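Novice: I'd like to ask you about the structure that follows.
The values are calculated or read from the model by the stated rules, or taken from the named source; none is laboratory data. Owing to the predicted nature of the structure, the values given are computational and were not obtained by experimental measurement. Cβ sites come from the backbone with ideal geometry, for glycine too, and all protein chains shown count toward neighbours.
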Amino acid sequence: MPLIETIQRQANGRATALTVDEVYERLRLAIVTGELRPNEPLIEVDLAEALKVSRTPIRESLQRLGAEGHATPRKRGWAVREYTPAEIEQNFEVRIALEGFAARLAAVRASAEELALIEHVQHERDLATAPTAEFRATTNRRFHDAIIAAAHNARLADAIFRAGQFYFNQRIAGLTTEHEFKVNQADHGRIVKALKERSQSAAEDAMRAHLDFAYKTYRRIMGL
């Protein structure tokens, strides 16, 4: 079952029992990154089995996810919420604004080590001759997460995370064209250049333009 496989992969190597907050974070991450698809059932007993916890933390986590709008109640349990096209557009607008500002902050706050990490991920993508969907999605997330972390603002990072990361999951990555991947790489290159030059305005503008293109790609793939 895809749900169990996803959660077990997240929990792999964990020796101790998960707390309620950790259960919640694992479920939320799987939803906002698109690993758990819209309308996918969230069954307490299956989740409890996958995470090796009782049903109580699962129940509490699902209620929290429901209150945040990530899950929706069904006659029997919960399911991943399916966002409308209008809601997806609004989420993108929020993410463009917030992550653009994160890039602005990173331009002045990032340490030399953090800039090196961002550039390393970009170089890793540049060297890929036949990048798989998993590689594209994973390295894209690492690139963006590194910039968000370099902004050194935990509240901003949380707000970006809550806006959702489902716009570029593995499924979407597998449907992007070679041209779109090259455009994304060029966008990333401009972001890296602006960060290294410590140019706040250039970093923010480049990130906004990049995410705007990502949204256009998403709309094409989804037929919106």
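Novice: How many residues are at pLDDT below 95 and surrounded by 15 or more Cβ atoms within 10 Å (Cβ to Cβ) if we restrict to the stretch 145-160?
Specialist: 4
Novice: Name the single residue that is nearest to the chain's Cα centre (by Cα) among those in the stretch 99-139 being surrounded by fewer than 18 Cβ atoms within 10 Å (Cβ to Cβ) and of a type in the set (Val, Ile, Thr).
Specialist: This residue is THR138.
Novice: Here is a follow-up. Evaluate the following for ALA71: is it of a type outside the set (Ser, Thr, Tyr) and under 22 Å from ARG155 (Cα atoms)?
Specialist: no
Novice: While we're looking at this one, here's another question. Hey, any hits in the stretch 114-136 for a residue that's part of a helix (DSSP H, G or I), touching an Asp or Glu at 6+ places or on another chain (Cβ under 6 Å), within 26 Å of VAL80 (Cα to Cα) and not assigned by TED's automatic domain parsing to the domain that holds ARG28?
Specialist: No, every residue in the stretch 114-136 fails to be part of a helix (DSSP H, G or I), touching an Asp or Glu at 6+ places or on another chain (Cβ under 6 Å), within 26 Å of VAL80 (Cα to Cα) and not assigned by TED's automatic domain parsing to the domain that holds ARG28.
Novice: Evaluate the following for ALA110: is it in contact (Cβ under 8 Å) with a residue 60 or more places away in the chain, over 17 Å from GLN185 (Cα atoms) and either among the aromatic types (Phe, Trp, Tyr) or assigned by TED's automatic domain parsing to the domain that holds ILE160 (or both)?
Specialist: yes
Novice: Consider GLU35 carefully, then state whether it is buried (at least 16 other Cβ atoms within 10 Å of the Cβ), modelled with pLDDT under 90 and acidic (Asp, Glu).
Specialist: Yes; evaluated as a whole, the condition is true for this residue.
Novice: Among the residues of the stretch 84-98 satisfying the criterion of being more than 18 Å from ALA154 (Cβ to Cβ) and not hydrophobic (A, V, I, L, M, F, W, C), which is surrounded by the fewest Cβ atoms within 10 Å (Cβ to Cβ)?
Specialist: Selected residue: THR84.
Novice: Please find, within the stretch 44-59, the residue that is surrounded by the fewest Cβ atoms within 10 Å (Cβ to Cβ) out of those that are closer than 18 Å to ARG76 by Cα and either within 23 Å of the chain's Cα centre (by Cα) or of a type in the set (Lys, Arg) (or both).
Specialist: Looking at the filtered set, the residue picked out is ARG55.
Novice: Let me ask another. Among the residues of the stretch 128-144, is there at least one that is over 16 Å from MET207 (Cα atoms) and at pLDDT 95 or above?
Specialist: Scanning the stretch 128-144 turns up no residue that is over 16 Å from MET207 (Cα atoms) and at pLDDT 95 or above.
Novice: Follow-up. In the stretch 37-62, what residues are within 26 Å of ILE172 (Cα to Cα) and among the β-branched types (Val, Ile, Thr)?
Specialist: Residue satisfying the conditions is ILE43 alone.
Novice: Note down all Cβ pairs under 8 Å where the first residue falls in the stretch 210-224 and is in contact (Cβ under 8 Å) with a residue 60 or more places away in the chain, the second is acidic (Asp, Glu), and they're at least six residues apart or on different chains.
Specialist: Cβ pairs passing all conditions: LEU211/GLU99; TYR215/GLU89.
Novice: Which one of these does LYS52 not meet: (1) out of contact with any Gly (no Cβ under 8 Å at 6 or more places or on another chain); (2) in contact (Cβ under 8 Å) with a residue 24 or more places away in the chain; (3) of a type in the set (D, E, K, R); (4) closer than 30 Å to ALA146 by Cβ?
Specialist: If we test LYS52 against (1) out of contact with any Gly (no Cβ under 8 Å at 6 or more places or on another chain); (2) in contact (Cβ under 8 Å) with a residue 24 or more places away in the chain; (3) of a type in the set (D, E, K, R); (4) closer than 30 Å to ALA146 by Cβ, just (4) comes out false.
Novice: Among the residues of the stretch 38-78, what is the count of those that are in a loop (DSSP other than H, G, I, E, B) and in contact with a Pro (Cβ under 8 Å, 6 or more places away or on another chain)?
Specialist: Qualifying residue count, the stretch 38-78: 1.
Novice: Next question. Which one of these is over 28 Å from GLU25 (Cβ atoms), touching a Ser or Thr at 6+ places or on another chain (Cβ under 8 Å) and in a helix (DSSP H, G or I): ALA107, ALA186?
Specialist: The match here is ALA107.
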